[in-house]
Structure formats: C-alpha cells, structure tokens
Amino acid sequence: MNIRFVRRIPALVTMWLVPITLCAQQSLPASDPVVLRAFAAIKAGNAWTLAQQVSLCEIPAPPFKEQLRGLEFRRRLIALGYANTRIDAVGNVVAERAGSGTGPTVMIAGHLDTVFPEGTAVKVKHDGARYSAPGIGDDCRGLAVVLAVAKALTDGHIKTAGKVILVGDVGEEGQGNLRGMHQLFEHEYAGKIDAFVSVDDAGSSIVNRAVGSHRYTVRFSGPGGHSYGAFGTPSAIHAMGRAIANISDLQVPASPKTTFTVGTVSGGTSVNSIAGNAAMDVDMRSESADELDRLDVALRGAVTSALRAENARWPASSARITVKFDTIGIRPLGRTVQTDDTPIVRTALEAARQVGLVSRTTASSTDANLPMSLGIPAITISGGGMGDGAHSPREWYEDGPDGYKGPQWALLIVLALVGVHRS
Ligand SMILES: [Zn+2]
C-alpha cells in the first residue's frame, strides 16, 4: 500500500467512511447536498452519457490505433472545461483537475482500445433498449462514465480536497500489454498516484484482485520441403500439433483459478509442402503468481518434449525443428492482496450500496493490474447497466432502468477517495 495514501486516510475516514459504515441509515454521501445535486444531474443527463458511449464506439480504436478515438475523447474533455487535457507520449488522454491541496491524488480511467482489428464494422445497432456493436460495453461504457464524472465535477462546481486525474488510456487489451498504464505509473506519475479506479464494461462488479497472464507466440521452424520428394523431414506443423496435444493435457488447479489456451495457429506453405514454419499464440492466466510460474514451466516443457518427439520420429533426417518463444505480454500480478476490507474496496462496496447497486468483488485482468502490482490501492469497477459478449462482434449493452447509477457510483467513489473540500 502506498504510504502517502495511508497517511491521508484518517481525513477520508472522518469525512466519509465513518458515517457510511458506522451509521448505516445516516448515509452521508447520498444526503450531502453537493453529491445530491451531482446525482440528480447525472440522472437527468443519462441520455447524454449514452450518446457519449454510442458515438465514441463508432470511432474505430483497434489495438495500437487508438489515436482517432483518443483525439475525440480529448476534444470532449476540453469541451467539458478541462482545457489542459493532453495526449501523452504513448497516446493516453490525460486531464487534471486540481484540488485544494489537502487530499490524495486519485486517477479514474477508461480504456480507449478495443480487441477488434482495423476494418471491423463499428456502427452501433439500436434495437429497443439494446445497443449492439463491438466495444459498446468494453470499454465505451467506461469512457462514457469517465466523461459523466468529468461533467458532474465541473457542472456541479465540486471542490475536491485532492487532485482528480481523468484518463482515456491506450493498450489495455491483449497485445497492448498495459502500455498506457506502464507510461502513467512508471513515468509521468510514478509515485504520485494515491488511488486508481478503472471503469471497464457494464455491470456493477468490483475487480479487487488481479489475474496475471503470460502470453507468447511460439514459433516452430525447420527447412520444410516437398511433401513427396522430401518425405522424412520433420515438420514444423507436426511438431506444433504434438505440442498442442501436450498442452491440452496440462493439469491446473481450479482454485486459485489457473487457465491456458492455444488461441491462434498459423503456418505452412501449401498442401503439398512439409511445413517449414508454424506458430501459435498461447495465453496462460492465474490469480496466483506461483501457479502462473508453474504453468509457464509446464507449458515450455510440453513444447520441448513435442519438439524432441517430432525430431526423433525421423532419425534418418539431418533436419531439425527448432522453437522460439516471443513474448506478447506479461501482465503483472500484485503480491499485495486486496480484500473486501481493504479501504478502497470497502469504499467502493459502500458507495455501491449508497447508490443502490448490488456489487460484489471478483478477480480479473484489467488496467488495475499494474497499480496493484506496485502496491497502489486500485480497483476496476463496472460502469453500470448490463451487457454481454465483450471481445466478440455480438457485444451488446442495455442501460436498463438504472444505468445512470453507474456514473453515480463512479463519482461517489472518486469523491470518497479524494475528499470534498468544505470551506
Ligand atoms: Zn476492457
């Protein structure tokens, strides 16, 4: 846990946590006039929030190509009164809102990138209450919530004790490898963020535990040759097939949940060629750093023994298949464990109760992984409403009767963490 945050906690406790937790019916934040006004404005502006979500979603943001969406996100923050909004070295959109200087610095972020490649149709289909499009929930919902929080702060002239930093970040998904978070937490804001809240997708859950991941492209190579003329030469594809069979049989614990998959395969030249190359992308995840390391070793062993078997199958051949692991991404796992009792998690749970959302904590792989790995209090919350089909073209979002509670919740968490300044 970040030292500065710990030191500043007592002020927050006085302001929010004690009244919320010790006098349940007194419900301080919801009865605070500043918060009440902001809540009413968010509810009244619900159509605006939805319009942000839909229109941002219709700007493509493939991995490593978030620029267009980022520029528009920046333009909107400037329009909301954040004249200093800028785009950093890697493409994160960053707006700062100063506090009175007596509170912690809190960052709230949604991610700009999607998993969808260039050329994916991103036009949002609107059918009754349902909005369908790739990325509509993940993470256009988060971006819309960040904008709604930004708007509530400026429209409500809310004076905060600490600084609020609003972010649309790059590289959350897959191959992005959290490069937006790396830039923020290891460079510009290294040691300067006291708490981090990411808003990702629809729903009302709180991610308080990280899921770490190791991802590789595993490349098999050999000389290849004619399928008839060079028969007897080991094959890159056959070696990879053996490796996939071995990987399929790996045993992992159900708890802590540990998973693996070979997500994509490619290779070969033609139907009548012994393959000289083959590649597969593998993904391994776990809530436990030890299990993830163990799985990594087991998977490498599975590949090595497959290679040995393929080469041994053709003893007369002098050709040999070789293998190379290219790292796609390593997502860090925090060694600090956040529980439901960790202050930032408790604050989020209490805030959910205050706005009338049923929330629960869970584990996932999100932007919060990085600050968690650094010991900074960090959570990822869902943005309200409901949805499904993330990372697929069937993704949808529905606001339901209380979608506005998502941005209310996010605002309340930010205010509880940063503190409201009372003069
Ligand atoms: Zn996401």
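The values are calculated or read from the model by the stated rules, or taken from the named source; none is laboratory data. These figures come from a predicted structure and were not determined experimentally. All Cβ positions, glycine included, derive from the backbone under ideal geometry; neighbour counts span all protein chains shown.
Taking region 357-382 only, how many residues are more than 15 Å from the ligand (Cβ to nearest atom), out of contact with any helix residue (DSSP H, G or I) (no Cβ under 7 Å at 6 or more places or on another chain), under 19 Å from residue 288 (Cβ atoms) and not in a helix (DSSP H, G or I)?
The number of residues fulfilling the criteria is 1.
Does region 188-214 hold any residues that are within 16 Å of the ligand (Cβ to nearest atom) and modelled with pLDDT of 95 or more, and which are they?
196, 197, 198, 199, 200, 201, 202, 203, 204, 205, 206, 207, listed by residue number.
Name every residue in region 350-374 that is touching a Pro at 6+ places or on another chain (Cβ under 9 Å) and under 11 Å from residue 185 (Cβ atoms), in order of residue number.
Within region 350-374, 369, 370, 371, 372, 373, 374 meet the criteria.
From the residues in region 71-93 that are buried (at least 24 other Cβ atoms within 10 Å of the Cβ) and out of contact with any Asp or Glu (no Cβ under 6 Å at 6 or more places or on another chain), which one is nearest to residue 379 (Cα to Cα)?
That would be 93.
Six or more apart or on different chains, Cβ atoms under 7 Å: show the pairs whose first residue is in region 241-258 and touching a residue at least 24 places away in the same chain (Cβ under 8 Å) and whose second is surrounded by fewer than 17 Cβ atoms within 10 Å (Cβ to Cβ) and in a strand (DSSP E or B).
244/262; 247/262; 252/259
Among the residues of region 400-413 satisfying the criterion of being out of contact with any helix residue (DSSP H, G or I) (no Cβ under 6 Å at 6 or more places or on another chain) and in contact (Cβ under 8 Å) with a residue 24 or more places away in the chain, which is surrounded by the most Cβ atoms within 10 Å (Cβ to Cβ)? Full working, then the answer.
Of region 400-413, the ones out of contact with any helix residue (DSSP H, G or I) (no Cβ under 6 Å at 6 or more places or on another chain) are 400-403.
Imposing the further condition that a residue be in contact (Cβ under 8 Å) with a residue 24 or more places away in the chain reduces the set to 400, 402-403.
Details: 400: 15, 402: 16, 403: 24.
Filtering first and then ranking leaves 403.
Here is a list of conditions, (1) over 26 Å from residue 191 (Cβ atoms); (2) of a type outside the set (Ser, Thr, Tyr); (3) within 16 Å of the ligand (Cβ to nearest atom); (4) part of a strand (DSSP E or B), and residue 328 meets all of them except one; can you say which number that is?
Failed condition: (3).
Among (1) over 12 Å from the mean Cα position of the chain (by Cα); (2) at pLDDT 95 or above; (3) within 14 Å of the ligand (Cβ to nearest atom), which single condition is residue 163 missing?
Evaluating residue 163 over (1) over 12 Å from the mean Cα position of the chain (by Cα); (2) at pLDDT 95 or above; (3) within 14 Å of the ligand (Cβ to nearest atom) leaves (3) as the failure.
Yes or no: region 169-176 includes at least one residue that is away from the ligand (no atom under 16 Å from the Cβ) and outside the structural domain of residue 279 (by TED's automatic domain parsing).
No, because not a single residue in region 169-176 is away from the ligand (no atom under 16 Å from the Cβ) and outside the structural domain of residue 279 (by TED's automatic domain parsing).
Has region 231-246 got at least one residue that is farther than 11 Å from residue 218 by Cβ, part of a loop (DSSP other than H, G, I, E, B) and either assigned by TED's automatic domain parsing to the domain that holds residue 366 or in contact with a Phe, Trp or Tyr (Cβ under 6 Å, 6 or more places away or on another chain) (or both)?
Looking through region 231-246, at least one residue is farther than 11 Å from residue 218 by Cβ, part of a loop (DSSP other than H, G, I, E, B) and either assigned by TED's automatic domain parsing to the domain that holds residue 366 or in contact with a Phe, Trp or Tyr (Cβ under 6 Å, 6 or more places away or on another chain) (or both).
Do you know which of the residues in region 97-146 that are closer than 21 Å to residue 347 by Cα and more than 14 Å from the ligand (Cβ to nearest atom) is farthest from the chain's Cα centre (by Cα)?
102
Modelled with pLDDT of 95 or more and either buried (at least 24 other Cβ atoms within 10 Å of the Cβ) or within 13 Å of the ligand (Cβ to nearest atom) (or both): which single residue out of 389, 385 fits that description?
Within the list 389, 385, the selection yields 385.
Which numbered condition trips up residue 127, out of (1) surrounded by fewer than 24 Cβ atoms within 10 Å (Cβ to Cβ); (2) under 15 Å from residue 419 (Cα atoms)?
It fails just one condition, (2).
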